[in-house]
Each structure stands twice: as C-alpha cells, then as structure tokens.
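Novice: For reference, the structure I am asking about is given below.
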Amino acid sequence: MEILENATGSTTSKPDAELLAGAAALAAPAEPAAVRTADPTAVRTADPAPVAAAVTAAAAGINWKREAREIFECVALLSMRFPSVKPVYDDQTLDRLSDAWAPVLQKHNLDFGKFAIYITAGLATLPVAKATAAAIRDDLTAEKTAAEAAATAAAARSNAAAAVPA
C-alpha cells in the first residue's frame, strides 16, 4: 500500500493494484464446471442457482417449521391493533400452519436468511413498544385530567373569593 499526501497536507492510502485485482477476482461469480460449455453462445441446460441455494440452506441447517411459524407469528401480531385476531392464532393453529407451510418454504428455499436476527428482534420489541406507548398515553391523560381538575379548583376558589363582600 502506498501512502500519498494530498494538496492540504493530509495523507491518504492508495491500495495496491494487485490487491484490487485479487479482490475483484474473488467478487466475480465463479461458474461451476458442470455448466461451462466450449461454445459461449450455447444454451445452458442447468441453472446452478436453485441447487446452490438448496445446498446453502441444507448446510445452514434451516429449521423450516420454525421459519414457517415465525411468519405466522408475524401475522398474529395484528392482534396488537385488532384484538379479535389473537384467539385465531393460538399455539395449535400456529403448529398446524407451520406443518403445512414448512415443505413449501423448503421447496422454494424461502427463509428469513441473514435478516432473521433483525426480524426476530423487531418482533420481540414491537409488543413492548406498544405497551410503552400505551403507558405514556395513560400518563399524559392522567396529567391532563389533573391539570384540568386543578384549573377548575383554582377557578372555583377565585369565584368564591370574588363573591365575598369586602
């Protein structure tokens, strides 16, 4: 790596050309030997993407039933806004939906993937955030009621003081 000084006197680093070329080579997708052809215009008969995705999922040890359940637990969060939804998504229903949808998710390799931790954290936080908002709303309502009561009492004292003859 070469260190350069710019016009303002500060220094900056310039990466090696070989380092950049090596990084570019690593970033370029490698084509599996099974789909290479001698004729670059020939039609490919195998698409490696689904196979690669399935291998990745298998290697990652994805629990498809858990993935399906998490999707329907997300749907069940509608109960925060619509309380009548809560009894619809009981544990038995979530299990039944998970059993039914797990093979579909597996067949199409649909999972939360690398975003699972963020989605799970968000979903765990959502009910707490709702309860926090409700608590703050209740406190603000109580403060407003207390302020109105104090104002009414002060007005009554003021009217009573004005009514007393001097």
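The values are calculated or read from the model by the stated rules, or taken from the named source; none is laboratory data. This structure is a prediction, so every number in the text was calculated from the model and none was measured. Note that we place each Cβ from the backbone using ideal geometry, even for glycine, and neighbour counts take in every protein chain shown.
Novice: State yes or no: is ILE119 out of contact with any Lys or Arg (no Cβ under 8 Å at 6 or more places or on another chain), surrounded by 10 or more Cβ atoms within 10 Å (Cβ to Cβ) and not in a helix (DSSP H, G or I)?
Specialist: Answer is no for this residue.
Novice: If you don't mind, there's one more thing I want to ask. Out of curiosity, is ARG157 modelled with pLDDT under 90 and assigned to a helix (DSSP H, G or I)?
Specialist: yes
Novice: With (1) out of contact with any helix residue (DSSP H, G or I) (no Cβ under 7 Å at 6 or more places or on another chain); (2) modelled with pLDDT of 90 or more as the list, and VAL85 as the residue in question, which single condition is left unmet?
Specialist: (1)
Novice: Hey, can you tell me all the residues within region 73-88 that are without any contact (Cβ under 8 Å) to a residue 40 or more places away in the chain, surrounded by 13 or more Cβ atoms within 10 Å (Cβ to Cβ) and within 14 Å of PRO127 (Cβ to Cβ)?
Specialist: Result: ALA76, LEU78, SER79, VAL85, LYS86.
Novice: Another one. Just to be sure, is LEU110 surrounded by 11 or more Cβ atoms within 10 Å (Cβ to Cβ) and not in a helix (DSSP H, G or I)?
Specialist: For LEU110, the condition - surrounded by 11 or more Cβ atoms within 10 Å (Cβ to Cβ) and not in a helix (DSSP H, G or I) - is met.
Novice: For PRO127, indicate whether it is in the same structural domain as GLY61 (by TED's automatic domain parsing) and under 30 Å from GLU67 (Cβ atoms).
Specialist: no
Novice: Being of a type in the set (S, T, N, Q) and under 30 Å from GLU67 (Cα atoms) is the filter here, so list the residues in region 130-166 that pass it.
Specialist: THR132
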